[in-house]
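**Q** Let me begin by handing over the structure; questions about it come next.
Where a number appears in this text, it was derived from the coordinates with a stated rule and is not lab data. Quantities reported herein were computed from a predicted structural model and do not represent experimental measurements. Positions of Cβ are backbone-derived with ideal geometry, glycine not excepted, and every protein chain shown enters the neighbour counts.
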């Protein structure tokens, strides 16, 4: 399958891509732990079937020191022992926030309470924003048929510039 359209191949697409990247930079610089950020991005991308983003976040997480065991278990986090309670809360929010239409109730109060137990206001805002931005990015990748497999760790900035 071929890429349907290069987002950065048009003036409007380039502007949109750069703004998405700018928001991502604010989130990356937030107090939300980097490990949590990578796990959340990977899980949302798995749910949405975005091979391009799965490729990016697996490789960047591994390059940042994440273990292969944890990366392998993100898709089955509920049935593993390698994630902290805070990470489990973030992964639950990621799943509920990504599958809003599937459950008919949005994010549960129980999940939100767990998030608030582990994350302060700035971290919670960054987490919610990360989930929203990752879902938008995944949709761009899937709609445009951007394939995974060729990403080199640490090169995300060069894609958006």
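**Q** For a paramagnetic label modelled at 7 Å from the Cα of residue 147 toward its Cβ, which residues of region 22-59 fall within the zone defined by backbone nitrogen distances under 13 Å?
**A** 51-52
**Q** Where does each of 133, 5 land when they are ranked from fewest to most other beta-carbon atoms within 10 angstrom?
**A** Working: 133 18, 5 13.
Ranking 133, 5 by Cβ neighbours within 10 Å, fewest first, gives 5, 133.
**Q** For the chain, with a Gaussian network of springs between Cα atoms less than 10 Å apart, report the residue from 143, 47, 12 with the top mean-square fluctuation.
**A** Judging by the Gaussian network model, the answer is 12.
**Q** Also, quick follow-up: Distance between the C-alpha centers of region 1-67 and region 87-139? Whole Å please.
**A** Centre-to-centre (Cα) distance: 16 Å.
**Q** What number, rounded to the nearest 500 deg cm²/dmol, is the helix-based mean residue ellipticity at 222 nm of the chain, given -39500 (n - 2.57) per DSSP H run of at least four residues and division by all its residues? Kindly include the intermediate steps, with their values, before the conclusion.
**A** Numbers: 9 runs with 108 residues, N = 161.
Theoretical 222 nm ellipticity from helices: -21000 deg cm²/dmol.
**Q** If the elastic network links every pair of Cα atoms under 10 Å, which of 72, 146, 135 fluctuates the most in the Gaussian network model of the chain?
**A** In the Gaussian network model the winner is 72.
**Q** Return the Rg/Rh value of the chain, two decimal places, where both radii are evaluated on C-alpha atoms and Rh is the Kirkwood radius.
**A** Here the Rg-to-Rh quotient is 0.95.
**Q** Taking 0.36 nm per intervening residue step and subtracting the Cα-Cα distance, what contour gain separates residue 117 from residue 12 on full extension?
**A** Result for the pair: 33.7 nm of gain on full extension.
**Q** Looking only at 99, 43, 19, which one moves most when the chain is put into a Gaussian network model with springs between Cα atoms under 10 Å?
**A** 19
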